[in-house]
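**Q** Here it is: the structure, laid out below.
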Amino acid sequence: MSSHDSAVELPPGHFHHLEPEQAYHSAKFGMWLFLATEVLFFGGLFAAYAVFHWKYYDMFHTGAQQLNWKLGAVNTVVLLVSSFFMALGVDGAQHGNNKKVFRCLSVTLICGFLFMIIKGFEYSAKFSHGIYPSTNMFFGLYFSMTGLHGFHVVVGIGTILWLMMLAKKNRFSETYYTPVEVVGLYWHLVDLVWIYLFPLLYLVS
Amino acid sequence: MGHGGTGKRLGDGSLLTQDADEGLGHILPTQVYVKTLLTLLVLTVVTVAVSRVDLGALNAAVAIFVASVKALLVCMFFMHLKFEGKLIIAYAIYPIILLVLLIGGTLEDFRHRAEPLPMTGFQESLIQAPMKAHSNEAHSSHH
């Protein structure tokens, strides 16, 4: 609350910009706004998927059969578990428990790496069979959609590492845990996208 | 707008979340997260199991429906959307409306096209197009 007593000169009516609660709600709203743009960012690819699935039905059917649905299912479970521990991490932050934040986010981080490793195995298996984004429309979309999603996972891993550093320094408290909350929202969106990608890409056969 | 200043809960809610609880975010019992995860895992098994049964065109519809139930659970409980104010709920719903318009509109347009989309040979399709003057011009400029 030291900001209230500080000598910062603000025009009348602007003191609420220093309120921690106002900052928390603004940041959270900003993240939801960003997630809306993310939904539409992926939405373009989903629209392309819908059109070309309709047009090249057989190609998508045989393409999905060439994917390893078991690895896709394992990755689904990995991401769901990672989201669960992210939610627990936010809970820890809400209670000002920095140790719990660190522990839970470590599990989320490991899940994130595991997801990327499995994805790497899938990609290299495809490449070794001579399947590339240019092979056909199905694999073009497969690599674009999972690639863009994978990029989001990598960004998520980076921000989770940042949160773990802050938790190590005991930065979070019951009245300040905004970074954990907003990164949590982002990570859950990454999970949401995969919830749709898994059946659409792996199970359409 | 009196803020207590000492308690754990700060203030009386802001403009952005006037419909929500006062103070910071929403603390849920851990049990809620455990139940959400278990339901999500069961629904993942359902997704795989349903895809093994041949339902024809229904397969895709069922897959999208189950995925949407899972997405709703993640939003409601992991992302605390169930406990947010009207503004955040509105901004969570509006991209979905745009997405339905985007995908629905594109599919509807595509379904009623007489000719397939020019995937390759774009140049040829341009020349065959009814706009003869334009295509002649484009053609001659290449030579």
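The values are calculated or read from the model by the stated rules, or taken from the named source; none is laboratory data. Note that the coordinates shown come from a computational prediction; the quantities given were computed from them, not determined experimentally. Counting neighbours? That spans all protein chains shown, and the Cβs are built from the backbone with ideal geometry, glycine included. Just the protein is used for accessible areas: all its heavy atoms, side chains included, with ligands, DNA and RNA removed. Shrake-Rupley method; radii C 1.70, N 1.55, O 1.52, S 1.80 Å.
**Q** Which number in (1) away from chain B (no Cβ under 12 Å); (2) under 23 Å from A:Thr62 (Cα atoms) marks the one condition that A:Tyr202 misses?
**A** Going through (1) away from chain B (no Cβ under 12 Å); (2) under 23 Å from A:Thr62 (Cα atoms) one by one, A:Tyr202 breaks only (1).
**Q** Give the residue that is least open to solvent (accessible area, probe 1.4 Å), with candidates limited to residues of the stretch A:161-176 that are out of contact with any His (no Cβ under 7 Å at 6 or more places or on another chain) and in a loop (DSSP other than H, G, I, E, B).
**A** Looking only at the stretch A:161-176, we keep the residues that are out of contact with any His (no Cβ under 7 Å at 6 or more places or on another chain), and these are A:161-173, A:175-176.
Now restrict to residues that are in a loop (DSSP other than H, G, I, E, B): A:169-172, A:175.
Details: A:Lys169: 121, A:Asn170: 107, A:Arg171: 127, A:Phe172: 6, A:Thr175: 54 Å².
For the stretch A:161-176, the residue satisfying everything is A:Phe172.
**Q** Quick one: how many residues across the stretch A:103-137 are crowded, with 16+ Cβ neighbours inside 10 Å, more than 16 Å from the chain's Cα centre (by Cα) and small (Gly, Ala, Ser)?
**A** Summing the residues that are crowded, with 16+ Cβ neighbours inside 10 Å, more than 16 Å from the chain's Cα centre (by Cα) and small (Gly, Ala, Ser) in the stretch A:103-137 gives 0.
**Q** Can you name every one of the helices (runs of 4 or more DSSP H) wholly within the stretch B:63-143 that holds 2 or more residues which are at pLDDT 95 or above?
**A** Working: elements: B:86-111, B:122-128, B:132-141.
Output list reads B:86-111.
**Q** Go through the stretch B:97-108 residue by residue and tally those that are more than 7 Å from chain A (Cβ to nearest Cβ) and within 9 Å of the chain's Cα centre (by Cα). Explain how you work it out, then say what you get.
**A** Of all residues in the stretch B:97-108, those more than 7 Å from chain A (Cβ to nearest Cβ) come to B:97, B:100-101, B:104-105, B:108.
Now drop any that are not within 9 Å of the chain's Cα centre (by Cα), which leaves B:97, B:100.
Of the residues in that region, 2 qualify.
**Q** Scan (1) open to solvent by 60 Å² or more (accessible area, probe 1.4 Å); (2) over 23 Å from A:Met164 (Cα atoms) for the single condition A:Ala50 breaks and write down its number.
**A** Only one criterion is unmet by A:Ala50, namely (1).
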